[in-house]
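Colleague: My structure is below; once you've seen it, I'll send some questions.
The values are calculated or read from the model by the stated rules, or taken from the named source; none is laboratory data. Please read these numbers as outputs of a predicted model, since none were measured by experiment. Please note: Cβ atoms are built from the backbone with ideal geometry, for glycine as well, and neighbour counts cover all protein chains shown. SASA here: full protein model, heavy atoms, side chains in, ligands and nucleic acids out. Shrake-Rupley method; radii C 1.70, N 1.55, O 1.52, S 1.80 Å.
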Amino acid sequence: MICMSVCFVGSDQVHSWILVTSQVVSTAWRIARASVTLAVSLLSASLCYFRRLHLYLGHRLKWWAVLLSFLFKNTLAPVEAEVDLLSYCAREWKGETPRAKLMRKAYEELFWRYHIKCVRPVKRDNYDALRSVLFQIFSQGLSFPPWMKEKDIVKLPEKLLFSQGCNWIQQYSFGPEKYTGSNVFGKLRKCVELLKMQWTEFSGMRDYHKRGSMCNILFSDAILEYKLYEALKFIMLYQVTEVYEQMKTNKIIPSLFRLLFSRESSSDPLSFMMNHLNSIGDTCGLEQIDMFILGYSLQVKIKVFRLFKFNSRDFAVCYPEEPLREWPEISLLTENDRQYYIPVF
């Protein structure tokens, strides 16, 4: 009996020990599982937070990068200082790709054959061709075109409306500014008046260095320079309209205008303005045929070295190809027919 009692007592103690141990292990497991779950939740929340923080910071950094790039781009001089031609080429066209090799040969051709020693980079926008041409006209002190002396070009906007009935000119666009309605005549008049005043002033300066300094000041004023470019666009439109009227009376017109009017998108002055001229300064620059019209309108021969056309007959071209008279010559160079530079001989 005593032995059996001892056995029962021992069995109860073992059972109690197992029960306590099981409860401890169970409690410990619940605590550990809760801790792991909490840790996983905290880790997941942390990862989610840092992911959102990374996306936010990335977005803000990208925004600041675009803003700084825009500000830096717009603080650059419209026409920069002279840079050694071959040094510029070596910096811009490294590597052994076919295009890089072609460009290096083209720049060497400019240096050795055409004696171009330096280049002046021009601000990249959709006015750069007009900027490159007008900057050289002013800096070289070229004379006011004879036809502009004979006519009061300030009154040309009203002349197109009242003498030739071109009321469609109200749809003229000033670069990104799409439509100005009846106010277009007053705005165009101010632009043309500024062009006449500045051109007359620069052509009267005999000091080369003074002209250069005054050009740098004038073209650094964004509002003034854009007015000058819009005046050039209008002068082109006026010449297109004049030649179109001559063509209607069966008069002989320059071949470049026949080419212009043969295109469906520029069959008359209105379509030329709406489909081509209005986009200049906004979404695109000058096309080749626009360069012809610009040279004809300003009575200058624009010689363009098209570097990507090296070793072809189109490497050095003139706009217009055959000037009607001994017009003064200015030169540009381009790597792609979109951006232009000013060569320095």
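Colleague: Under the condition of being more than 17 Å from residue 295 (Cβ to Cβ) and in a helix (DSSP H, G or I), which residue from the range 255-265 is least open to solvent (accessible area, probe 1.4 Å)?
Modeller: From the range 255-265, those more than 17 Å from residue 295 (Cβ to Cβ) are 261-265; that's our starting set.
Cutting the leftovers down to in a helix (DSSP H, G or I) gives us 261-262, 264-265.
Working: 261: 22, 262: 86, 264: 171, 265: 44 Å².
Ranking the qualifying residues of the range 255-265, first place goes to 261.
Colleague: Tell me the residue from 137, 116 that is open to solvent by less than 10 Å² (accessible area, probe 1.4 Å), modelled with pLDDT of 95 or more and part of a loop (DSSP other than H, G, I, E, B), please. Before the answer, list the steps.
Modeller: Numbers: 137 fails: part of a loop (DSSP other than H, G, I, E, B).
One residue alone meets the criteria, 116.
Colleague: Further, regarding this structure: Mind checking whether some residue in the range 206-225 is of a type outside the set (Ser, Thr, Tyr), surrounded by 18 or more Cβ atoms within 10 Å (Cβ to Cβ) and under 20 Å from residue 278 (Cα atoms)?
Modeller: Yes, the range 206-225 contains a residue that is of a type outside the set (Ser, Thr, Tyr), surrounded by 18 or more Cβ atoms within 10 Å (Cβ to Cβ) and under 20 Å from residue 278 (Cα atoms).
Colleague: On to the next question. So, residue 289, is that one under 23 Å from residue 226 (Cα atoms), open to solvent by 10 Å² or more (accessible area, probe 1.4 Å) and not in a loop (DSSP other than H, G, I, E, B) or not? Before the answer, list the steps.
Modeller: Details: under 23 Å from residue 226 (Cα atoms): yes; open to solvent by 10 Å² or more (accessible area, probe 1.4 Å): yes; not in a loop (DSSP other than H, G, I, E, B): yes.
Here the answer is yes, as residue 289 does meet what is asked.
Colleague: Can I ask one more? In the range 302-320, which residue that is assigned to a loop (DSSP other than H, G, I, E, B) and over 19 Å from residue 137 (Cα atoms) is most open to solvent (accessible area, probe 1.4 Å)? Walk me through it before giving the result.
Modeller: So the first thing to find is which residues in the range 302-320 are assigned to a loop (DSSP other than H, G, I, E, B), and the list is 310-315, 320.
Next, from what is left, pick out any that are over 19 Å from residue 137 (Cα atoms): 310-315.
Details: 310: 34, 311: 135, 312: 53, 313: 213, 314: 60, 315: 14 Å².
Ranking the candidates gives 313 first.
Colleague: Can I ask one more? Could you tell me whether the range 163-178 includes any residue that is of a type in the set (A, V, I, L, M, F, W, C) and assigned to a loop (DSSP other than H, G, I, E, B)? Let's see the steps before the verdict.
Modeller: Pass one, the range 163-178, residues of a type in the set (A, V, I, L, M, F, W, C): 166, 168-169, 174.
Next cut, assigned to a loop (DSSP other than H, G, I, E, B) only: 166.
The answer is yes; a qualifying residue exists.
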